Amino acid sequence: MIEERVEVIRVQRGRAWVRPVAGSGCARCDAGTGCGAGLWQRAFGLRQRQIVLPDDGRFKEGDQLLLGITEGALLGSAAMLYLLPLVTLIAGAAVGTRMATAGAPVWSVAVSALAGLAAGLLVARCWAKRGEKSLTPGITRMIPVVTKQDVTPR
C-alpha cells in the first residue's frame with residue numbers, strides 16, 4: 001500500500017478536496033537540495049495536486065488523513081496510461097512502414113503512428129473512466145491534528 005498524508009482544504013456538497021501536506025515529492029526537494037521537483041514547482045508556479053473524495057459529513061477543513069492506493073492499482077494504471085499509447089504508437093508506425101514499402105507515401109508512416117497514438121490514448125482514457133473506483137485512493141485513517149489550544153503548559 002502506497003500512502004500519503006493529506007489535508008482537507010474544502011468541504012462542499014458531499015465532497016472533500018484534499019491536498020498533500022508536503023509541497024512536492026519529499027522534504028529534500030522542498031528545501032531545494034533534492035532531485036529538483038520542489039525547484040520546478042516553485043519556478044513554474046505549478047499548482048498543488050488536489051484530490052476530490054466523497055464525504056459523508058465526517059470531514060472538516062484542516063483535518064488530516066492518510067490516503068492509500070495499492071501498488072497493483074498504481075502500476076496497472078501507469079502501464080495503461082504510459083505503456084499502451086507507446087505500444088500503439090509503435091504499432092501504428094510499423095503499419096505505416098509496411099504501407100510505405102508497398103507504395104504508399106512516406107508521410108503515411110507519421111500519420112499511422114499518430115493514429116496509433118490517438119487510439120492508445122483513447123483506450124487508456126476509456127479504461128481510466130471505467131475503472132475510476134479502483135484508481136481512487138482510499139482513506140487509510142484520520143490523523144489527529146494537535147493545535148496550541150490542545151497543549152497545556154506545564
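Read the figures in this text as sums done on the coordinates, not as results from a lab. Model, not experiment: these values are computed from the prediction. Cβ sites come from the backbone with ideal geometry, for glycine too, and all protein chains shown count toward neighbours.
Taking amide H as placed 1.01 Å from N in the peptide plane, the amide H of Asp55 sits under 5 Å from that of Arg15, Ala16, each at least 5 places away or on another chain. When each of Glu7, Glu71 is scored by the number of other beta-carbon atoms lying within 10 Å, the sequence from fewest to most is Glu71, Glu7.
List the residues, sorted by chain then number, that are 5 or more residues from Ile143 or on another chain and whose placed amide H is less than 5 Å from its amide H. Amide H neighbours of Ile143: Gln64, Leu65, Leu66.
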